[in-house]
Structure formats: C-alpha cells, structure tokens
Amino acid sequence: MKPEVPPIAAPSQVSGAECQLMLCAEPHVLAAVRRFVGARLREWGLEELRPAAAMCVTELLSNVHKHAATPECVLELRRIAQGIRVSVRDTEPSPPVMREPDHMSERGRGLFLLSETADAWGFEPKATGKEVWFVLNAFSEGVHGT
C-alpha cells in the first residue's frame, strides 16, 4: 500500500530510503502528515518508531507554524542504518530554543519533549533559513518505547 500523501503536500522526492515533502505547516495538515510518516515507517519495517516519530514531527511542524514567517517547509524522512533521521527545513533563520518546561503553561514544552524522546536532535543554519532534525534509533532502550 502506497503512503497517503497529505492533501497540501507535494512529494518532491521519493525513493526506497528517502522521502521529501514540500508542505505548509498548518494545523489541519498534521494528521495527514502523521499518517504519511507512519506508512513510510511501516514500509521500512520500523513501525515501532511511529508514536515517537509522530510526536516529534508534529512538534517540528508546529514550530514552523508558530515561529516562521511563512508556513512553507520541507519535511524529509531518511532511513538510516540505526533507524530514521527526520528533518524540517524552513525559511526562519532563528534557531529553535528549548526552554525548561513550565508545568503551569500550556506552551513551551515541545522541544523539551522532543529532546527527551529522540535519540539525537539539532539544527543547522542554511542559506535560506534552517534545518531542524531528529534521529530515532530502532530497537534502542530509549524513551520512545522500543
């Protein structure tokens, strides 16, 4: 079964071990993106990473929606030897800022949760913005339930 492509996403590159989607990081597209990510993980035999990947992808796309000047971005999923690497490129040059979570606030916990869930994460400045990425390792003893 081919993965469903989110309704406002354009696959720009799809291969056996890599997929890129150009999309608008709007709240109404997040569920479709999570289904797409889950389908790719099933194809790669990494379904155990689906819950963690869904949460982390949602966080990255939500940050684009909240903090970037434009919601247009590129989501890339790549199968790597130890699991997956997922990145989001946007046009906002400012780096992501992880704050200590305020348990009374309804905001500000996303990057903290991502840092506790992913096996690694970071960002790289790009000529036209930045790329924020995370890695989930398959069969690890990490928080993501494998």
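For this structure, a couple of remarks:
Residue by residue, here is whether (1) crowded, with 17+ Cβ neighbours inside 10 Å; (2) closer than 23 Å to A39 by Cα; (3) of a type in the set (A, V, I, L, M); (4) modelled with pLDDT under 90 holds:
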position: E76; (1), (2), (3), (4): yes, yes, no, no
position: R79; (1), (2), (3), (4): yes, yes, no, no
position: R89; (1), (2), (3), (4): yes, yes, no, no
position: P95; (1), (2), (3), (4): no, no, no, no
position: R99; (1), (2), (3), (4): no, no, no, yes
position: F112; (1), (2), (3), (4): no, no, no, yes
position: K130; (1), (2), (3), (4): yes, no, no, no
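- Meets criteria (outside any loop (DSSP other than H, G, I, E, B) and at pLDDT below 95) for F134: no
- In segment 59-76, the residues that are over 19 Å from C19 (Cβ atoms) and in contact (Cβ under 8 Å) with a residue 60 or more places away in the chain form Cβ pairs under 9 Å with partners that are β-branched (V, I, T) and surrounded by 18 or more Cβ atoms within 10 Å (Cβ to Cβ), at six or more places apart or across chains, as follows: N63/V88; N63/V132.
- In the set (1) modelled with pLDDT under 95; (2) in a strand (DSSP E or B); (3) not β-branched (V, I, T), A39 fails one condition alone, (2).
- Selection count where residues are modelled with pLDDT under 80 and within 27 Å of F139 (Cα to Cα), scope segment 101-110: 1
The values are calculated or read from the model by the stated rules, or taken from the named source; none is laboratory data. Just so it is clear, the model here is predicted, and its values are computed rather than measured. As a convention, Cβ positions derive from the backbone with ideal geometry for all residues, glycine included, and neighbour counts pool all protein chains shown.
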